[in-house]
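Data block below; observations after.
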Amino acid sequence: MLLLKNEKLRSMYRTHTCGELRSTNINQEITLAGWVQTIRKFGSITFIDLRDRYGITQLLIGEELNALLNENPLGREFVLQVKGIVSERSSKNANIPTGDIEIKVKSFSVLNKSITPPFTVQDDTDGGDDLRMKFRYLDLRRNEVKKNLELRYSVNRAARNYLHENNFMDIETPFLIKSTPEGARDFVVPSRMNAGQFYALPQSPQTFKQLLMVSGYDRYYQIVKCFRDEDLRADRQPEFTQIDCEMSFVEQEDILNMFEGMIKSIFKQVKGIDYAEKVGRMTWEDAMWNYGNDKPDIRFDMKIANLKSAFKKDGEIIATGELINGAGFGVFDNAETVVAIAVPNCSEYTRKQIDELTDWVKRPQVGMNGMVNIKCNVDGSFKSSVDKFYDEEKLKAIASFANAKAGDLILILAGTEERTRKAISDLRLELGQRLGFRKKDELKLLWVLDFPLFEYAEEDNRWVARHHPFTAPKPDHISVMIDNDPLIENAAEYLKHPYANIKANAYDMVLNGNEIGGGSIRIFQRELQEKMFTALGMSKEEALHKFGFLLGAFEYGAPPHGGIAFGFDRLCSILGGSESIRDFIAFPKNNSGRDVMLDAPSTIDEKQLKELSIQLNVQ
Ligand code: ASP
């Protein structure tokens with residue numbers, strides 16, 4: 001990816017880059033500067049691969065320069081400037097763009113030396129993960145990593161282009177703000193000048209972007225760092241980047257269209273992909289019911305069949321179960337939830353294969369006690385691990401309910417609602433992966449809509465905001481929120497509380513089973529926002545202390561508004577075909593949240609602590 005025309009990359013040090021010379025340049029006198037990637041000696045001549053950001057060019061140092069070479073022995077990663085003539089190579093290398101030529105070196109100078117690098121800086125490196133993280137500045141010289149950062153930059157530019165064309169304005173919001181944890185923990189920063197007081201780093205610019213709407217900047221965006229002190233799960237970064245956006249005078253439909261447009265435009269600009277079809281939409285309930293999670297991977301079907309469930313849909317607790325209840329099979333009879341998937345064309349799985357899958361669902365991460373299977377044989381007969389309880393007729397009925405055809409293998413899990421639903425969803429994804437249904441190069445977008453506004457927090461027997469406290473309820477659910485007391489009298493029956501049915505004016509964008517963005521239409525009236533804080537168990541004083549500025553702003557003509565934020569690192573990793581967001585961050589933290597290159601976090605001096613009026617009580 002060249003940003004400037006080649007000639008603009010010329011300087012006092014070089015006439016060309018290491019990626020640009022071709023056979024059309026033969027006989028030209030040029031100067032290159034770069035890093036020594038490899039040195040190969042053949043008798044009295046030496047070949048060097050010289051690397052810079054743009055590529056690799058082969059240098060040929062002939063006998064006449066041997067004396068100079070002996071005086072200046074070269075090594076890997078030395079920084080070199082060479083002057084020479086572009087010549088045709090005798091053995092061409094079709095694998096690199098400069099492979100037809102080499103430079104017959106006339107003179108060279110070592111601009112800087114390098115000690116022996118801890119790993120080889122090339123595509124197939126011998127450096128392990130930890131070593132490469134510790135010497136990230138060397139790892140960043142490698143093509144693989146460079147390609148990822150280039151992709152990141154092009155996604156950044158594509159997003160900016162689109163947003164700029166649509167009148168969005170990039171406005172910076174502060175990093176030193178007030179701690180108002182809701183959801184994740186805040187990272188805090190002690191204030192020297194205000195002893196005993198702390199700033200927090202923003203988990204997102206949420207309240208600021210809403211204030212900007214109050215101020216009349218009707219289309220805002222920022223590609224911005226966010227900080228969340230969460231327990232680290234694999235592939236989470238304590239600091240990460242969002243494409244953060246907000247708009248005024250819009251409804252949900254406007255936002256969906258605008259940002260569907262943005263993602264499609266990014267696909268087009270970055271990958272040349274025309275994503276012509278309208279992005280599908282699915283309600284949260286349908287996602288949970290059919291796929292067992294709120295970010296379904298719809299690149300493949302294998303929908304879940306709910307043979308028996310306590311799932312709440314359309315405000316009703318749905319109870320299926322006629323098919324399986326009463327056969328005397330305790331595992332199904334006593335389970336809250338029994339769910340099945342039909343795995344296409346796998347009826348001939350061997351005992352060993354099924355045992356292996358059973359072990360897979362029994363792993364602590366999935367946590368099932370066992371798995372039932374029904375083989376829908378190609379000849380139309382059925383064979384199951386529960387033949388004792390279910391006759392052919394019943395198995396046939398279950399198969400038809402599970403949408404299985406002859407040749408499919410039905411896998412059934414039973415247990416408590418939440419765990420079983422998650423387990424079948426994990427199993428579906430795992431099989432989708434193993435059977436090659438989750439193709440890396442297929443991009444499938446989906447909007448998930450109509451989330452519940454509240455989630456029940458068992459520990460405190462109260463409601464928490466599923467998205468965040470600024471999300472508006474669906475217009476016709478506002479009165480349910482206003483008219484009802486949020487208090488949950490009977491914890492066991494929280495699902496019957498009217499608040500359990502309130503749907504949010506919120507949306508998530510899902511790409512290949514990953515949530516890449518999420519947002520909502522916001523509350524913009526003080527009374528409703530106050531009611532929301534009360535619903536979340538905040539006293540009036542607490543709400544004022546934490547969010548008085550926002551409540552105050554809502555009294556000065558806040559326009560209707562809404563927005564969304566995209567996980568920029570994740571978006572890049574998916575577009576780069578990688579599982580890991582770390583690969584797309586120049587200087588990432590490791591899985592324990594440490595920067596191993598800087599060795600941070602670290603202790604600080606007594607003196608610094610004193611200035612900050614902090615006394616530690618850790619040894
Ligand atoms: N600020 C929200 C988040 O970080 C996104 C939004 O509602 O716009 O998830």
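The values are calculated or read from the model by the stated rules, or taken from the named source; none is laboratory data. What you see is a predicted model, and the numbers here were worked out from it, not measured in a lab. Every residue, glycine as well, gets a Cβ built from its backbone with ideal geometry; the counts of neighbours run over all protein chains shown. Side chains are part of the model used for accessible areas, which takes the heavy atoms of the whole protein and leaves out ligands, DNA and RNA. Shrake-Rupley method; radii C 1.70, N 1.55, O 1.52, S 1.80 Å.
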(message) Assuming 0.36 nm per residue, please report the length gained on full extension of the stretch Tyr217 to Glu527 beyond their Cα-Cα distance.
(response) 109.3 nm
(request) Just name one of Ile48, Asn27, Gly127: the one whose Cα is farthest towards the positive end of the charge dipole of region 1-149 (beta-carbon charges, Lys/Arg +1, Asp/Glu -1). (result) Asn27
(message) Let me check something: with ligands and nucleic acids excluded, how do His467, His545, His561 order by accessible area (1.4 Å probe), largest to smallest?
(response) His545, His467, His561
(request) Taking only protein heavy atoms into account and a 1.4 Å probe, give the accessible area per residue of the chain in Å². (result) 50 Å²
(request) Please provide three numbers in whole Å: the alpha-carbon extents of region 484-619 along the principal axes, with the largest listed first. (result) 53, 48, 42
(request) Rounded to whole Å and sorted largest first, list the principal axis extents of the Cα atoms in region 156-297. (result) 57, 38, 29
(request) For the chain, evaluate the Debye formula with one uniform point scatterer on each Cα (no solvent term) and list log10 I(q)/I(0) at q = 0.05, 0.08, 0.09, 0.12 Å⁻¹, rounded to two decimals. (result) -0.33, -0.78, -0.93, -1.28
(message) Suppose each label sits 7 Å from its Cα in the direction of the beta carbon; what would the Lys278-Gln615 distance come out to in nanometres?
(response) 6.6 nm
(message) Multiplying the sequence separation of Ala94 and Ala600 by 0.36 nm and subtracting their Cα-Cα distance, what value in nm do you get?
(response) 177.8 nm
(message) Taking the Cα centre as origin and putting +1 on Lys and Arg beta-carbons and -1 on Asp and Glu beta-carbons, what dipole magnitude results for the chain, to the nearest 20 debye?
(response) 2120 debye
(request) Sort region 25-88 into rounded, prolate or oblate with this rule: let a ≥ b ≥ c be the square roots of the eigenvalues of the Cα gyration tensor; rounded if a/c is under 1.5, and if a/c is not under 1.5, prolate when a/b is larger than b/c, oblate otherwise. (result) oblate
(request) Could you go through region 219-225 in sequence order and give the Karplus-derived ³J(HN,Hα) for each residue, using 6.51 cos²θ - 1.76 cosθ + 1.60 with θ = phi - 60°, rounded to whole Hz, and x for Gly and Pro? (result) 9, 10, 8, 7, 9, 9, 6
(message) Along the Cα→Cβ direction, 7 angstrom out, place labels at Thr416 and Glu251. What is the inter-label distance in nm?
(response) 4.1 nm
(message) Could you work out how much longer the chain between Leu544 and Glu7 gets when fully extended? Use 0.36 nm per residue separation minus the Cα distance between them, nm to one decimal.
(response) 187.4 nm
(request) Go through Lys178/Lys264; Lys278/Lys496; Lys383/Lys405; Lys308/Lys422; Lys209/Lys440; Lys295/Lys383 and tell me which ones have a Cα-Cα distance over 25 Å in this structure. (result) Lys178/Lys264; Lys278/Lys496; Lys209/Lys440; Lys295/Lys383
(message) At 1.4 Å probe size, with the rest of the protein present, what percent of the exposed accessible area of region 429-481 is carbon and sulfur atoms?
(response) 47 percent
(request) Have a look at Val464, Leu211, Ile482 and report the one farthest towards the positive end of the charge dipole of the chain, computed about the Cα centre with Cβ charges (Lys/Arg +1, Asp/Glu -1). (result) Leu211
(request) Would you mind checking Lys92/Lys271; Lys92/Lys113; Lys271/Lys439 for any pair whose Cα atoms are more than 22 angstrom apart? (result) Lys92/Lys271; Lys92/Lys113
(message) For a quick check of your reading of the filter: which GluC sites (Glu not before Pro) in region 446-484 sit in a DSSP loop and have no more than 10 other Cβ atoms within 10 Å?
(response) Glu458, Glu459
(request) Just name one of Val448, Val110, Gly321: the one whose Cα is farthest towards the positive end of the charge dipole of the chain (beta-carbon charges, Lys/Arg +1, Asp/Glu -1). (result) Val110
(request) Give the Rg/Rh ratio for region 14-139, taking Rg as the radius of gyration of the Cα atoms and Rh as the Kirkwood radius, to two decimals. (result) 0.97
(message) So for region 385-500, considering every pair of alpha-carbon atoms, how many percent are separated by more than 18 Å?
(response) 71 percent
(request) Count neighbours as other Cβ atoms within 10 Å of each site's Cβ, and list the GluC sites (Glu not before Pro) in region 235-306 that are DSSP loop with at most 14 such neighbours. (result) Glu251, Glu277
(message) At R0 = 56 Å, how high is the FRET efficiency between Asp231 and Glu63 if r is their beta carbon distance? Nearest 0.05 is fine.
(response) 0.35
(message) Ignoring ligands, DNA and RNA, please state the percent of accessible area on region 144-188 from carbon and sulfur, probe 1.4 Å.
(response) 49 percent
(request) Please report how far the C-alpha centroid of region 427-484 lies from that of region 327-346, rounded to the nearest whole angstrom. (result) 25 Å
(request) Give the calculated FRET efficiency between Asn377 and Gln353 to the nearest 0.05, with a Förster radius of 22 Å applied to their Cβ-Cβ distance. (result) 0.90
(request) Taking every pair of alpha-carbon atoms in region 66-158, give the share separated by more than 21 Å as a whole percent. (result) 55 percent
(message) With a cap of 10 neighbouring Cβ atoms within 10 Å, and only residues DSSP puts in a loop, list the trypsin sites (Lys or Arg not before Pro) found in region 323-392.
(response) Lys388
